[in-house]
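None of the figures in this text is laboratory data; all of them are computed from the coordinates on show. Nothing here was measured: the structure is a model prediction, and the numbers come from that model. Here the Cβ positions follow ideal geometry from the backbone for every residue, glycine too, while neighbour counts run over all protein chains shown.
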Amino acid sequence: MLYLVPTPVGNLEDMTPRAVRMLAEADFIACEDTRTSLPLLRRYGVSKPLVAYHAFNEKGKTEALLERLLSGENGALISDAGTPGISDPGYQLIRRCIDEGIEISALPGPTAFVPALVLSGLPPYPFLFYGFLPDKQGERERAILSAAALPWTLVFYVSPHKAEKHLLHLLELLGDRKAALVREISKIYEEARRGTLSYLAESVREGVKGELVLVVEGAAGERERTDLPDWRERAKTLAANGVSSREVVKILAEEYSVSKNEVKSFLFQASGDTP
């Protein structure tokens, strides 16, 4: 049996009694960093063998953990904070357990993006949780454009030292949308900065500390607009007639009330090519 046990993203009091019991009953605990997990386990009186399981050894360790589970041991998987598998190691082990018929129990509990989504003041559903944007600019641009035309609220994890760069890139490709930057969730310095992408980029210019979640509104007015099928059909027709993507963007920006980046995103999704 494998238990997926969420751990607090901030306040250690967010640990549930059931989570503590599952950790205490497990034969071993796979954790992202033993130095991070030990203080939490000691606080709740849990003393079990720990196995380091992180992004750098996930591939090799997965099979070793699987062997222990297949032998009849019960294991618990935790990350440094939040729910295992959500932008943290865990997916590979979960897939292998499913393949081998090993029972899995996923406990509900802390995760950073849900409180941030609620605190943002933006529509909480439907939403798209992306996680961390790619580091490479080209890959990041493709990721942002693939979601640019969606009417859903967008949720990203952001590293503090990359916050300004990523906010400016989002501003360039999405326009100056409403957004919220939520940091230090469930900690003493919890804060939600609400405004526009340009405002948030300016607010972190001198640096920002803590764990960050960025929430961005979906494509402006998408829910109320009735012309979208028309311009999309027009885009398909132009592309089918051999008009270049650059010209399609130019024509539709002039003929319809639609942004160039929105057209680029649509063409990117329709063709699978880089706009």
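Could I have the simple spin-label model distance between Ser47 and Glu255, label points 7 Å from Cα toward Cβ, reported in nm to one decimal?
Going by the 7 Å Cα→Cβ label model, 7.5 nm.
Which residues make up the longest stretch of the chain that has no trypsin sites (Lys or Arg not before Pro) in a DSSP loop with at most 12 other Cβ atoms within 10 Å?
1-135
Using a Gaussian network model on the chain with a 10 Å cutoff between Cα atoms, which of Gly242, Gly45, Gly175 fluctuates the most?
In this elastic network of the chain, the residue with the biggest mean-square fluctuation among Gly242, Gly45, Gly175 is Gly242.
Per the Cauchy relation, a quarter of the hull surface: what is the mean projected area of the convex hull of the alpha carbons in region 228-271, in nm²?
2.6
Taking springs between alpha-carbon atoms closer than 10 angstrom, which of Leu170, Leu197, Leu38 fluctuates most in the Gaussian network model of the chain?
Leu38
So what are the three principal axis dimensions of region 130-275 from its Cα atoms, in whole Å, longest to shortest?
Answer, in whole Å and largest first: 58, 32, 21 Å.
Given N residues in the chain, what is its alpha carbon radius of gyration divided by 2.2 N^0.38 Å?
1.19
Do any chymotrypsin sites (Phe, Trp or Tyr not before Pro) in region 50-122 lie in a DSSP loop with no more than 12 other beta carbon atoms within 10 Å, and if so, which?
Passing sites in region 50-122 are Phe56.
Thinking of region 113-216 as a set of Cα atoms, what percent of all their pairs are more than 22 Å apart?
20
Once fully extended, how much extra length lies between Ala239 and Leu70, figured as 0.36 nm per residue of separation less the alpha-carbon to alpha-carbon distance?
55.5 nm
Tell me, what is the Rg over Rh of region 57-154, with Rh the Kirkwood radius over Cα pairs?
Reported Rg/Rh (Cα atoms, Kirkwood Rh): 1.06.
Nearest 5 percent is fine: what portion of the DSSP beta bridges confined to the chain is antiparallel?
Bridges in the chain are about 50 percent antiparallel.
Summing -39500 (n - 2.57) over the DSSP H runs of n ≥ 4 in the chain and dividing by its residue number, what mean residue ellipticity at 222 nm do you reach, to the nearest 500 deg cm²/dmol?
-12500 deg cm²/dmol
In region 118-181, what GluC sites (Glu not before Pro) fall in a loop by DSSP, with at most 16 other Cβ atoms inside 10 Å?
none
Within 10 Å of each residue's Cβ, count the other Cβ atoms and sort Thr111, Thr237, Thr196 from fewest upward.
Ranking Thr111, Thr237, Thr196 by Cβ neighbours within 10 Å, fewest first, gives Thr237, Thr196, Thr111.
Considering only Leu119, Leu212, Leu12, give the residue with the highest GNM mean-square fluctuation for the chain, with springs between Cα atoms whenever their separation is below 10 Å.
Leu12
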